[in-house]
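**Q** Have a look at the structure that comes next, please.
The values are calculated or read from the model by the stated rules, or taken from the named source; none is laboratory data. Small disclaimer: the values here were computed from a predicted structure and weren't measured. Counting neighbours? That spans all protein chains shown, and the Cβs are built from the backbone with ideal geometry, glycine included.
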Amino acid sequence: MTIAGSISVPWSWLANGTTRVDAHINRARAEAGHYPDHIIKLIDDQGRILYASDSHEPILGFSAEALLGVHFHDVIAREDIIHSELSIQDALMNEEATEIGFRHLRADGTFVYLRRKTCPLQGDRHSAYYILTRARPRD
């Protein structure tokens, strides 16, 4: 799977008791390895951040651990929340990646403009879906 389109994970990742969310976290870690200068997040169907790449610290000043469990609305400029929500809804409805620009909160209270790709991922019986995002500061 790449963030640009596919919405599945290799079935081998689901063997030996690995849950779908674990498989998606592994996918997010792999994305982070391929794109070390991008911010990678895995978000559940309630909007909580399940995974945040280590690149958050140099770009935004937040440690990855500090973002776990935080609702993604809490780190987006209020004016951009609806735009971000619509992007996620479009990705889910069309089952393909979407791309938007938005302002992300930095640890110092300022905002940085990011370009984000949003990819829907299949959930399991406990979750309707997951969202994998890859963002970078806008050029």
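**Q** Of the residues that sit in the stretch 32-52 and are under 19 Å from P120 (Cβ atoms) and in a loop (DSSP other than H, G, I, E, B), which one is modelled with the lowest pLDDT?
**A** Step by step, filter the stretch 32-52, then rank; the result is Y35.
**Q** Can you tell me which residues in the stretch 41-53 are surrounded by 18 or more Cβ atoms within 10 Å (Cβ to Cβ) and without any contact (Cβ under 8 Å) to a residue 60 or more places away in the chain?
**A** I49, Y51, A52, S53
**Q** Residue by residue through the stretch 107-139, note down the ones that are in a strand (DSSP E or B), at pLDDT below 90 and over 20 Å from G33 (Cβ atoms).
**A** Listed by number, the residues that qualify are P120, Q122, Y129.
**Q** Here's a follow-up. Pull out all pairs, ordered by first then second residue, where Cβ-Cβ is under 8 Å, the residues are six or more apart or on different chains, the first lies in the stretch 92-106 and is at positive phi, and the second is in a strand (DSSP E or B).
**A** Once the first residue is at positive phi and sits in the stretch 92-106, its partners that are in a strand (DSSP E or B) give E95/P120.
**Q** Given the conditions (1) touching a residue at least 40 places away in the same chain (Cβ under 8 Å); (2) in a helix (DSSP H, G or I), report the number of the one that E57 does not fulfil.
**A** Tallying (1) touching a residue at least 40 places away in the same chain (Cβ under 8 Å); (2) in a helix (DSSP H, G or I), E57 fails exactly one: (1).
**Q** Still on this structure, please answer the following. Just checking, does the stretch 54-65 include any residue being buried (at least 19 other Cβ atoms within 10 Å of the Cβ) and within 17 Å of I25 (Cβ to Cβ)?
**A** Yes.
**Q** Which of the residues spanning the stretch 71-97 are within 12 Å of the chain's Cα centre (by Cα) and not in a helix (DSSP H, G or I)?
**A** Matches in the stretch 71-97: H71, A97.
**Q** Just to be sure I understand the filter: pairs with C-beta atoms under 7 Å, separated by 6 or more residues or on different chains, first member in the stretch 28-40 and without any contact (Cβ under 8 Å) to a residue 60 or more places away in the chain, second member hydroxyl-bearing (S, T, Y). Which pairs pass?
**A** These pairs meet every condition: A32/S53; A32/S55; P36/S55.
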